[in-house]
Amino acid sequence: MVYLKKSLGLLFFAFMVMALWQCAKRGSPSGGPKDTTPPQLVRAEPENFTTNFKAKKIRLYFDELIKLEDVQNQLVVSPPFKNPATITPMGAPSKYIEVEIKDTLRENTTYTINFGQSIVDNNEKNPNSFLTYVFSTGDYLDSLTLTGAVSDAVNLKADEFISVMLYEMDSTYTDSTVFKQPPLYITNTGDSLPFFELKNLKGGKYALFGLKDVNKNNMFDQSQDKIGFIADTITVPTDSIYVLNLFREQLNYKASVPSMVAKNKIIFGYQGDYRDMVIESLTTLPDSVSTTLLKERDKDTLNYWLSPTELDSIIFTVQNDKVEAIDTFTVKMRDLPMDSLKLSTSVTGKFNFEDKFSILANTPIVALDTSQVSLNVSDSIPMPYTFVLDTLKNKVDFDFEVEPNQKYSFSLLPGAITDFFGMQNDTLDYNLSTGSFADYGNLRMIFGSDVTYPIVVQLTNEKGVVQREIVASEAQTFEFNHLNPGNYIARVIFDSNGNGKWDTGNYLKKQQPEKISYYPGTIEIRANWEKEETFILSN
């Protein structure tokens with residue numbers, strides 16, 4: 001009986017706990033649905049779209065606490081203020097934004113302040129997308145528009161936050177204005193879509209530009225900005241839609257101050273095209289001093305190699321007749337160690353069937369003694385090879401028959417390579433191995449019959465680094481054999497000047513970059529695959 005009472009008591013207790021838990025569960029707050037509503041503008045002082053504007057401060061009031069984020073990228077004022085406006089509060093949540101104008105405003109001009117997506121609510125950071133405040137210092141608001149898109153001359157995807165600029169082609173406008181002055185009107189693309197719209201424009205004739213404005217000064221800086229331009233004059237109003245193709249110009253030629261970096265080496269830096277640079281010594285060098293000039297591999301530097309000398313200094317002229325430039329430099333000699341011969345190779349370990357085996361040197365190579373070089377296959381079987389000594393790129397290229405599933409060994413005995421200073425290599429051994437043909441895939445690309453040649457067909461990886469290329473002056477089947485498995489991007493350069501490479505544009509010369517056409521999507525290559533793709537091009 002006692003046991004029955006205890007059991008009933010425990011059962012009743014359990015029932016009460018469950019009931020209370022269910023009640024608690026039904027009554028516990030869930031927090032409600034997530035806030036997805038952006039902050040709303042409820043009032044502006046002065047009112048939005050005010051005419052005959054004379055205020056120095058603008059206040060925008062919202063229906064909830066807001067913050068400003070990434071305002072330096074998002075905010076666009078058109079026409080730009082010479083002195084940036086002060087915007088408060090920055091960082092702290094508030095129900096208003098205040099814009100203090102520090103400029104003397106233009107007469108009879110419509111201004112647009114576009115906040116992009118910088119205004120977000122304090123809790124969930126929902127943006128009030130592209131809130132715009134518009135006012136006019138004249139009697140009416142200008143209302144014309146111009147639309148378009150931006151693209152990148154080289155890359156498949158355009159950069160984010162491209163500034164799109166209109167310059168009024170009045171009596172003061174010249175081709176150099178974009179280097180010196182901000183535009184009359186400006187907008188930018190966002191961080192996802194490459195489209196633009198210039199609003200509240202007045203009718204007239206304009207020059208249209210796009211800039212990747214790195215230092216955000218609303219002017220073109222050749223050393224760091226990409227530029228795109230429409231060569232024709234833009235007449236507003238217009239129904240045309242414009243595409244700005246942005247590119248990096250080749251830098252204008254400029255010689256840098258040379259410096260001595262080793263007992264036998266002086267470096268001459270430059271920007272732009274070095275091919276017309278002529279470096280000469282005004283100082284008479286002793287008969288014992290020999291010199292040679294060689295471009296540094298993958299750097300904008302010319303290496304002036306010289307036999308060690310006891311001179312205190314050497315005076316040089318650096319001349320470029322093509323751009324009518326001449327500079328004079330004095331290089332102080334310093335007590336430094338010599339650069340000695342060091343060798344490296346283009347490939348180590350796995351050797352793909354399309355690879356080229358090269359030996360690279362840091363000091364100028366002058367001779368290769370083939371009696372001190374041997375190539376063996378399968379550890380001990382001698383194998384024939386040919387070679388080319390490339391004195392411009394300071395390397396030796398070897399060519400030999402490559403077979404699958406083999407091991408190759410290059411041996412260089414002392415004295416195989418001699419450099420400009422008479423230094424020679426020590427014993428060196430390089431080992432290479434190949435895989436099976438089945439480890440690779442093959443790709444065949446077919447183009448339409450209406451392609452204008454010459455072209456350059458390239459395969460890049462997904463980061464845009466070129467893996468293979470074929471230069472063609474006439475129609476052919478383009479075969480890329482022995483590709484490593486992976487995803488590739490195909491593109492075609494329309495090589496209008498026939499030099500076998502892509503050439504950029506130049507704004508002042510009114511030259512657009514050579515066109516590049518991309519195959520839509522990526523091309524997957526798997527091991528032991530044969531793949532064929534048709535690429536429809538439009539010139």
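What the table below lists for this structure:
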{"read-out": "Residue list for the range 468-501, restricted to those being over 21 Å from the mean Cα position of the chain (by Cα), in a strand (DSSP E or B) and within 27 Å of Gln512 (Cβ to Cβ)", "value": "Ile470, Val471, Ala472, Phe478"}
{"read-out": "Number of the condition not met by Ser358 [criteria: (1) out of contact with any Ser or Thr (no Cβ under 7 Å at 6 or more places or on another chain); (2) in the same structural domain as Pro414 (by TED's automatic domain parsing); (3) closer than 17 Å to Asn425 by Cα]", "value": "(1)"}
{"read-out": "Within the range 164-217, tally of residues that are touching a Gly at 6+ places or on another chain (Cβ under 8 Å), at pLDDT 95 or above and among the small types (Gly, Ala, Ser)", "value": "1"}
{"read-out": "Gln250 within 27 Å of Asn155 (Cβ to Cβ), part of a loop (DSSP other than H, G, I, E, B) and free of Cβ contacts under 8 Å to residues at least 12 places away in the same chain", "value": "no"}
{"read-out": "Ala207 assigned to a strand (DSSP E or B) and either within 21 Å of Val178 (Cβ to Cβ) or assigned by TED's automatic domain parsing to the domain that holds Asp312 (or both)", "value": "yes"}
{"read-out": "Residues satisfying the stated conditions in the range 112-144, i.e. crowded, with 19+ Cβ neighbours inside 10 Å and without any contact (Cβ under 8 Å) to a residue 60 or more places away in the chain", "value": "Ile113, Phe115, Ser118"}
{"read-out": "Selection count, the range 155-177, where residues are in contact with a Phe, Trp or Tyr (Cβ under 7 Å, 6 or more places away or on another chain), touching a residue at least 60 places away in the same chain (Cβ under 8 Å) and assigned to a loop (DSSP other than H, G, I, E, B)", "value": "2"}
{"read-out": "Residue check for Thr137: closer than 30 Å to Trp502 by Cα and at pLDDT 95 or above", "value": "no"}
{"read-out": "Test: residue in the range 427-438 that is over 30 Å from Asp379 (Cβ atoms) and either exposed (fewer than 12 other Cβ atoms within 10 Å of the Cβ) or in contact with a His (Cβ under 6 Å, 6 or more places away or on another chain) (or both)", "value": "no"}
{"read-out": "Among (1) exposed (fewer than 13 other Cβ atoms within 10 Å of the Cβ); (2) under 36 Å from the mean Cα position of the chain (by Cα); (3) within 17 Å of Met423 (Cβ to Cβ), the one test that Ser290 misses", "value": "(2)"}
{"read-out": "Flag for Asn442 being over 27 Å from Ala158 (Cβ atoms), among the polar types (S, T, N, Q) and touching a Leu at 6+ places or on another chain (Cβ under 9 Å)", "value": "yes"}
{"read-out": "Flag for Val396 being closer than 27 Å to Ala262 by Cβ and within 39 Å of the chain's Cα centre (by Cα)", "value": "yes"}
{"read-out": "Candidate set from the range 357-393 (those that are in a strand (DSSP E or B) and of a type outside the set (A, V, I, L, M)); member that is farthest from the chain's Cα centre (by Cα)", "value": "Pro382"}
{"read-out": "Unmet criterion (only one of (1) touching an Asp or Glu at 6+ places or on another chain (Cβ under 8 Å); (2) touching a residue at least 40 places away in the same chain (Cβ under 8 Å); (3) under 21 Å from Ser143 (Cα atoms); (4) surrounded by fewer than 19 Cβ atoms within 10 Å (Cβ to Cβ)) for Ile241", "value": "(1)"}
{"read-out": "From Val451, Val456, residue being assigned to a loop (DSSP other than H, G, I, E, B), surrounded by 18 or more Cβ atoms within 10 Å (Cβ to Cβ) and aliphatic (A, V, I, L, M)", "value": "Val451"}
{"read-out": "Residues (part of a loop (DSSP other than H, G, I, E, B) and either touching a Cys at 6+ places or on another chain (Cβ under 8 Å) or of a type in the set (A, V, I, L, M) (or both)) located in the range 211-243", "value": "Val214, Met219, Ile230, Ala231"}
{"read-out": "Qualifying positions in the range 146-201 - within 16 Å of the chain's Cα centre (by Cα) and over 21 Å from Asn114 (Cα atoms)", "value": "Ser151, Asp152, Ala153, Val154, Asn155, Leu156, Lys157, Ala158"}
{"read-out": "Residue list for the range 463-489, restricted to those being of a type in the set (A, V, I, L, M, F, W, C) and out of contact with any Asp or Glu (no Cβ under 7 Å at 6 or more places or on another chain)", "value": "Val465, Val466, Ile470, Val471, Ala472, Ala475, Phe478, Phe480, Leu483"}
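The values are calculated or read from the model by the stated rules, or taken from the named source; none is laboratory data. Note that the coordinates shown come from a computational prediction; the quantities given were computed from them, not determined experimentally. Cβ coordinates were reconstructed from backbone atoms using ideal geometry, including for glycine residues, and neighbour counts include every protein chain displayed.
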